[in-house]
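One structure below.
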Amino acid sequence: MPFSEPWDKEMIKKLIPDADPNTVTLKDIVDAAKEAIRPDYDVCTTGGLSVIWTMGTRFAFEQVGTNRLMEIALQAIENRKAAKCEQK
Amino acid sequence: MNLTNKSTDQLTQLGIDIREELKVRAIAECEDPLSLIVAQDAAIRAITVAAVQHHPVLLYGGPDIGENALINLASRLETHVSHSWPCPCGQAMNPFAACSCSVQILRSHAIEMRKISRKYAIHIEVVRPTERQLSSFKQWRTFGDIEKQVQSARVYLPQVSPKIDSTGSILMRQAYTELGLGPEARNNIIEVSRSIAALDGTKNIAVPHLAEAIQYRRLDRKI
């Protein structure tokens, strides 16, 4: 039985605009988050919580809940947008 | 106990001790220990994982993190949990209060913590819940759910192989070097990975299981 906190529907809408927040699965959220934070980090999920990790010179592991994962993914998307604007 | 021969200071201290004892007893007598734990999902998960093979857990965090409730949850799942402060003043990880310890004290405390942490298979950093988390807290699972999950994992555990696949081996090799692990810590990671795989109901240790087990060795980081 996977355990997870109740998800923030507003953040789901922002992260996966096409998805229905009532029927979205944890896999959908993790896949979208993975896409957003690559190539800097990788994500894997067990027991409803996710581990965000990176190897190499910045070796780090951090376990987060689904809402925090979405928060980090949305922040990564924002950062990328800001970086693109600066380049222009 | 004769209270008449006690000084005012002694009576004040006695009052504080009694209040603390009553708080601990109220937590221990609570029917559902989970109802007293707010926004500590990572700690609950760590205790659930540890409970499968009765691994000892070290909670790492300052005061007022709800450690008594977490220790009570662990003892109901037959697991030992200890609580330790991140620095002598206890505020090193608190984003809302300043830590009064010097860099030298923090460093010697970190070295001491690293020695202590070797006895524990799982280390978990616990932070104080925010006011928003406290006010919007709704219990969405019961202790019975966790107990059932742990019991079925204990039954399934003998079927889980301790072998790691090639991708997992690369991850493990890097963790061993980067975190400066010893053979005992490596064995602990593999055993904790097995517990996680058993909770997942899979017979093999996959990369996500290993990654979760590695992140439970937070205090093994090089100082």
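The values are calculated or read from the model by the stated rules, or taken from the named source; none is laboratory data. All of these numbers come straight from a predicted model, not from anything done at the bench. All Cβ positions, even for glycine, are placed from backbone atoms using ideal geometry, and neighbour counts span all protein chains on display. Accessible surface areas use protein heavy atoms only, side chains included; no ligands, DNA or RNA. Shrake-Rupley method; radii C 1.70, N 1.55, O 1.52, S 1.80 Å.
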So, in the stretch B:144-160, exactly how many residues are surrounded by 17 or more Cβ atoms within 10 Å (Cβ to Cβ) and within 12 Å of chain A (Cβ to nearest Cβ)? 4
Which residue pairs have Cβ atoms closer than 8 Å, lie 6 or more positions apart in sequence or on different chains, and pair a first residue in the stretch B:174-200 that is facing chain A (nearest Cβ under 9 Å) with a second residue that is among the acidic types (Asp, Glu) and open to solvent by less than 30 Å² (accessible area, probe 1.4 Å)? B:Leu179/B:Asp220; B:Ile196/B:Glu212
Hey, among the residues in the stretch B:50-74 that are under 10 Å from the mean Cα position of the chain (by Cα) and in a helix (DSSP H, G or I), which one's nearest to B:Ala153 (Cα to Cα)? B:Ala50
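When the residues of the stretch A:39-53 are narrowed to those that are in contact with a helix residue (DSSP H, G or I) (Cβ under 9 Å, 6 or more places away or on another chain) and over 24 Å from B:Ile44 (Cα atoms), which ends up surrounded by the most Cβ atoms within 10 Å (Cβ to Cβ)?
Filtering the stretch A:39-53 for residues in contact with a helix residue (DSSP H, G or I) (Cβ under 9 Å, 6 or more places away or on another chain) gives A:40-53.
Within this subset, residues satisfying the condition of being over 24 Å from B:Ile44 (Cα atoms) are A:40-41.
Numbers: A:Asp40: 10, A:Tyr41: 20.
Filtering the stretch A:39-53 for residues that are in contact with a helix residue (DSSP H, G or I) (Cβ under 9 Å, 6 or more places away or on another chain) and over 24 Å from B:Ile44 (Cα atoms), the one surrounded by the most Cβ atoms within 10 Å (Cβ to Cβ) comes out as A:Tyr41.
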Positions within the stretch B:164-218 being open to solvent by 20 Å² or more (accessible area, probe 1.4 Å), in a loop (DSSP other than H, G, I, E, B) and within 17 Å of B:Arg114 (Cα to Cα), in sequence order: B:Gly180, B:Gly182
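Looking at B:Ala43, is it open to solvent by less than 40 Å² (accessible area, probe 1.4 Å), within 13 Å of another protein chain (Cβ to nearest Cβ) and touching a strand residue (DSSP E or B) at 6+ places or on another chain (Cβ under 6 Å)? Working first, answer last.
Numbers: open to solvent by less than 40 Å² (accessible area, probe 1.4 Å): yes; within 13 Å of another protein chain (Cβ to nearest Cβ): yes; touching a strand residue (DSSP E or B) at 6+ places or on another chain (Cβ under 6 Å): yes.
It is true that B:Ala43 is open to solvent by less than 40 Å² (accessible area, probe 1.4 Å), within 13 Å of another protein chain (Cβ to nearest Cβ) and touching a strand residue (DSSP E or B) at 6+ places or on another chain (Cβ under 6 Å).
If only one of A:Leu15, A:Leu69, A:Leu49 is hydrophobic (A, V, I, L, M, F, W, C) and touching a Lys or Arg at 6+ places or on another chain (Cβ under 6 Å), which one is it? Break it down into steps so the answer makes sense when it comes.
On the way: A:Leu15 fails: touching a Lys or Arg at 6+ places or on another chain (Cβ under 6 Å); A:Leu69 fails: touching a Lys or Arg at 6+ places or on another chain (Cβ under 6 Å).
So the residue among A:Leu15, A:Leu69, A:Leu49 that is hydrophobic (A, V, I, L, M, F, W, C) and touching a Lys or Arg at 6+ places or on another chain (Cβ under 6 Å) is A:Leu49.
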Can B:Leu171 be described as in contact with a helix residue (DSSP H, G or I) (Cβ under 6 Å, 6 or more places away or on another chain), under 30 Å from B:Ala110 (Cβ atoms) and away from every other protein chain (no Cβ under 12 Å)? no
